[in-house]
Amino acid sequence: MQVTLYHNPRCSKSRATLELLRQRQLDLEVIEYLKSPPSPAQLDRILTLLEMQPRELMRKNETLYRQLDLDDESLSRDALVAAISAHPILMQRPVVLADGRAAIGRPPEQVLEIL
């Protein structure tokens, strides 16, 4: 099974999720999403798999969220997805994709449900 981890090495939850996945010796692709942000199309797929709207994937406590006025209810889904792609620090982490399913590793063990 191919597993993709959208990873931030500075995040303790992301590091714990990576370790959890490595222990299972999976075919693992690790993407440091701050260096290689997902495209709007990739984010749209991730959101679909998570069954979430863009704001549910956003870190609303980030200063950038307020600076960009992303709480503006008039913003479209596409605009919010574009904001996450342009500013990946806004994305909740870690995100794991596996076998057509997705999960956020908060807590890290939550990703085991999709494996």
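Of all residues in segment 69-115, how many are surrounded by fewer than 18 Cβ atoms within 10 Å (Cβ to Cβ), touching a helix residue (DSSP H, G or I) at 6+ places or on another chain (Cβ under 8 Å), in a helix (DSSP H, G or I) and free of Cβ contacts under 8 Å to residues at least 40 places away in the same chain?
The total comes to 2.
Pairs needed: first member in segment 33-44, closer than 16 Å to residue 14 by Cα; second member anywhere, surrounded by fewer than 17 Cβ atoms within 10 Å (Cβ to Cβ) and at pLDDT 95 or above; C-beta distance under 7 Å; at least 6 residues apart or different chains.
34/89
If a residue has to be farther than 11 Å from residue 111 by Cβ and surrounded by fewer than 15 Cβ atoms within 10 Å (Cβ to Cβ) to count, how many in segment 12-31 make the cut?
7
Taking residue 14, is it at pLDDT 95 or above, in contact with a strand residue (DSSP E or B) (Cβ under 6 Å, 6 or more places away or on another chain), within 25 Å of residue 112 (Cα to Cα) and of a type in the set (S, T, N, Q)?
It is true that residue 14 is at pLDDT 95 or above, in contact with a strand residue (DSSP E or B) (Cβ under 6 Å, 6 or more places away or on another chain), within 25 Å of residue 112 (Cα to Cα) and of a type in the set (S, T, N, Q).
Among the residues of segment 17-68, write down those that are touching a Leu at 6+ places or on another chain (Cβ under 9 Å), in a loop (DSSP other than H, G, I, E, B) and more than 15 Å from residue 103 (Cβ to Cβ).
Result: 37, 53, 59, 60, 62, 68.
Within segment 10-20, identify whether any single residue is under 15 Å from residue 92 (Cβ atoms), in contact (Cβ under 8 Å) with a residue 60 or more places away in the chain and charged (D, E, K, R), and answer yes or no.
Yes, some residue in segment 10-20 is under 15 Å from residue 92 (Cβ atoms), in contact (Cβ under 8 Å) with a residue 60 or more places away in the chain and charged (D, E, K, R).
Taking the condition of being out of contact with any Ser or Thr (no Cβ under 9 Å at 6 or more places or on another chain) and either of a type in the set (Asp, Glu) or under 9 Å from residue 94 (Cα atoms) (or both), how many residues in segment 21-35 meet it?
2
The values are calculated or read from the model by the stated rules, or taken from the named source; none is laboratory data. Just so we're clear, the structure is a prediction, and the values are computed from it rather than from any experiment. Every residue, glycine as well, gets a Cβ built from its backbone with ideal geometry; the counts of neighbours run over all protein chains shown.
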